Amino acid sequence: MTEVRVPDIGDFTDVPVIEVHVSPGDEVAVEDPLVTLESEKATMDVPAPLAGTVKQLQVKVGDRVSEGSVLVTLETDSAGPSGDGAAAPPTEASVQEEPPPSPDGGGQDAQVVVLGAGVGGYTAAFRAADLGLKTILIERYERLGGVCLNVGCIPSKALLHAARVIAEVEEMGSRGITYGRPKIDLEPLIGWKQSVVDKLTGGLAGLARQRKVEVIRGVARFEGPNAMTVEGRTVTFDNCIIAAGSQAATLPDLPDDPRIIDSTGALAPDELPERLLVIGGGIIGLEMATVYDALGSEVTVVELLDQLIPECDPDLIKPLQQRISTRYEDIRLETKVMSVEAQKSGLKVTLSDEQTATYDRILVAVGRTPNGHAIDAATAGVNVDERGFIPVDKQMRTNVPGIYAIGDIVPGPMLAHKAAHEGKVAAEVIAGQAVEFDARAIPSVAYTDPEVAWMGLTESEAKESGVDYQKQVFPWAASGRALGLGRGDGLTKLLFESDSHRLLGAGIVGVNAGDLIAETVLALEMAADAEDIGLTVHPHPTLSETVAFAADMAAGTITDLMPPRPREGARA
Ligand SMILES: Cc1cc2nc3c(=O)[nH]c(=O)nc-3n(C[C@H](O)[C@H](O)[C@H](O)COP(=O)(O)OP(=O)(O)OC[C@H]3O[C@@H](n4cnc5c(N)ncnc54)[C@H](O)[C@@H]3O)c2cc1C
């Protein structure tokens, strides 16, 4: 008899059994699923470690179990390789330990090899597997999830939530509710952020296993158009999806000093700097500035260009700049860092206007560099441009048949949602589907305070390209919901095509702008016009109404403000 127990399921305990696949008397083969468990992130099958007959079920749907709980008793012919009948754990290690598939009859190891397990790579691999393709996912780090899950989107947003809580408490001070100054205990705060990351990345390993995606750990390099090496092993493939991502760009001539950090370092501080200099007024720099400001650091931001987040319309940046200029020590636009001198007392910085100041930490947030030159792509004949990007067509095909590329390593905005969508397209194209990446808009969000979000055509682009557009802006000072949140500082701007009144672009600044922008992306994809949006009943009172109100302004039907001059053809 063999008792099948819950294997190592990472940090999860007390997880529910959501499905039982066998009954007493059933014959099972090795790897047949016995029960399915559900963690916060993923469902995972517990497979039979050995072939045999189910003698007894120790659990039913709804029971909660943890590592070691007995699930099923199997009558088996042998005690199996481990002797204890423990189910193979759905963990990264077990996936890694699977023997390498050997080519059979001249075939390849996999129909699809995905290089890099970031958001783009794991999405592509999982979609390929779901489409029935034999898939291998290669990742140099132990944890799956790449930059976004480990050192990007997810940990930064966890810390930004902490920052928002601190700011909200402060804001209530003038409204009759006063707390003391926050006491920041860095270790549990960073521990909590890491627990969020661990939950997500742990779930990915289970999802890979459930889909029978083989995960190989190690640094991969191309050997040719149908092979790559990973830690001495040659992996052959019919198709490859390059999803090797990007890394933080650096500045030349900076001293080698641990007090100079990139975004990864900023997400795991060992102490809070009294004075922080952020080099780069883009999204990543400003998000980290938001965190450190809330945690109590004196923050200075230096930006080379004449606007923070230069790719965004200036009217959307204004409310952000107004708020942070009252909170930060300094915001220096059109300013360059000329030199940094590492001194015992701090990092002495000289700016292009010859001013000097000393900081405890410097965060370098000057963009990201694609990893195209780090994977020997040329050996496979794949074109890589001088910046490290791999050019692709709308089906994510590189110049080499059978080799695709997605995510940060291909041109376009370096955003996780773009990488994921491209990953799906690449997998579907390989599976023979007639699809291409044809998104009409890829939304951008700065999760600063206030948040800034935009999608589609920006007003600056409309002006530059001479598009005939109509703009409507609904100020949040007229939104009951925004006022109730104490945050009437936002605005919602919609751009419509003058003739058709179809939505062309949108920009929102204010709390939760990142969530609100999604509706406008859908409207753009569905070719909605102002009346489609305005006539859609939005719940009241919500910030989402500001989108409908801006559309009502375009349709000439706004009642919460005085209507702008009616336009021809508007609803009477
Ligand atoms: C601080 C920060 C915050 C961010 N916040 C957001 C956000 O809020 N929203 C958003 O949309 N985007 C955000 N981003 C950007 C987002 O993280 C990236 O766009 C996304 O991670 C790109 O995914 P990817 O799969 O293309 O590449 P990556 O996430 O870079 O993954 C590539 C993977 O390939 C692996 N790899 C590389 N070379 C090799 C090799 N030779 N062998 C084996 N493995 C290899 C890497 O280890 C990595 O795991 C943020 C980025 C940062 C740095």
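The values are calculated or read from the model by the stated rules, or taken from the named source; none is laboratory data. Predicted model, so just to flag it, every value in this text is computed and none were measured. So basically every Cβ, Gly included, is an ideal-geometry build from the backbone, and we count neighbours across all protein chains shown.
Check every one of the strands (runs of 3 or more DSSP E) wholly within the range 434-501 and list those with 3 or more residues that are assigned by TED's automatic domain parsing to the domain that holds Ala548 and away from the ligand (no atom under 16 Å from the Cβ).
Strands (runs of 3 or more DSSP E) meeting the threshold: 469-475, 491-497.
Going through the range 109-153 one residue at a time, which ones are part of a loop (DSSP other than H, G, I, E, B) and either closer than 28 Å to Lys193 by Cα or modelled with pLDDT under 95 (or both)?
Passing the criteria: Gly116, Ala117, Arg140, Tyr141, Glu142, Arg143, Leu144, Gly152.
More than 13 Å from the ligand (Cβ to nearest atom), assigned by TED's automatic domain parsing to the domain that holds Tyr122 and among the hydrophobic types (A, V, I, L, M, F, W, C) - does that describe any residue in the range 405-423?
No: the range 405-423 contains no residue that is more than 13 Å from the ligand (Cβ to nearest atom), assigned by TED's automatic domain parsing to the domain that holds Tyr122 and among the hydrophobic types (A, V, I, L, M, F, W, C).
Restricting attention to the range 407-450, and to residues there that are touching a strand residue (DSSP E or B) at 6+ places or on another chain (Cβ under 6 Å) and over 25 Å from Met288 (Cα atoms), which single residue is surrounded by the most Cβ atoms within 10 Å (Cβ to Cβ)?
Ala426
On the basis of being touching a residue at least 40 places away in the same chain (Cβ under 8 Å), charged (D, E, K, R), in contact with a helix residue (DSSP H, G or I) (Cβ under 8 Å, 6 or more places away or on another chain) and within 30 Å of Gly176 (Cα to Cα), does Glu422 make the cut?
Answer is no for this residue.
Would you tally the residues in the range 227-266 being surrounded by fewer than 23 Cβ atoms within 10 Å (Cβ to Cβ) and farther than 30 Å from Ala431 by Cβ?
Of the residues in that region, 20 qualify.
Applying the selection to the range 41-78, what residues are closer than 20 Å to Thr13 by Cβ, in a strand (DSSP E or B) and at pLDDT 85 or above? Give the derivation first.
Taking the range 41-78 first, the residues closer than 20 Å to Thr13 by Cβ are 41-46, 58-72.
With in a strand (DSSP E or B) added as a condition, the list becomes 43-46, 64-65, 70-72.
The answer is Arg64, Val65, Val70, Leu71, Val72.
Working only within the range 255-287, note down all residues that are more than 14 Å from the ligand (Cβ to nearest atom) and outside any loop (DSSP other than H, G, I, E, B).
Ile260, Arg275, Leu276, Leu277, Ile279 - these are the residues of the range 255-287 that are more than 14 Å from the ligand (Cβ to nearest atom) and outside any loop (DSSP other than H, G, I, E, B).
Could you list, in sequence order, all residues of the range 124-148 that are more than 8 Å from the ligand (Cβ to nearest atom) and buried (at least 22 other Cβ atoms within 10 Å of the Cβ)?
Of everything in the range 124-148, those that are more than 8 Å from the ligand (Cβ to nearest atom) and buried (at least 22 other Cβ atoms within 10 Å of the Cβ) turn out to be Ala124, Ala125, Phe126, Arg127, Ala128, Ala129, Thr135, Ile136, Leu137.
Name the single residue that is nearest to the ligand (Cβ to nearest atom) among those in the range 294-316 being crowded, with 22+ Cβ neighbours inside 10 Å and acidic (Asp, Glu).
Glu303
Would you check if there is a residue in the range 154-177 being part of a loop (DSSP other than H, G, I, E, B), away from the ligand (no atom under 16 Å from the Cβ) and not charged (D, E, K, R)?
Yes, some residue in the range 154-177 is part of a loop (DSSP other than H, G, I, E, B), away from the ligand (no atom under 16 Å from the Cβ) and not charged (D, E, K, R).
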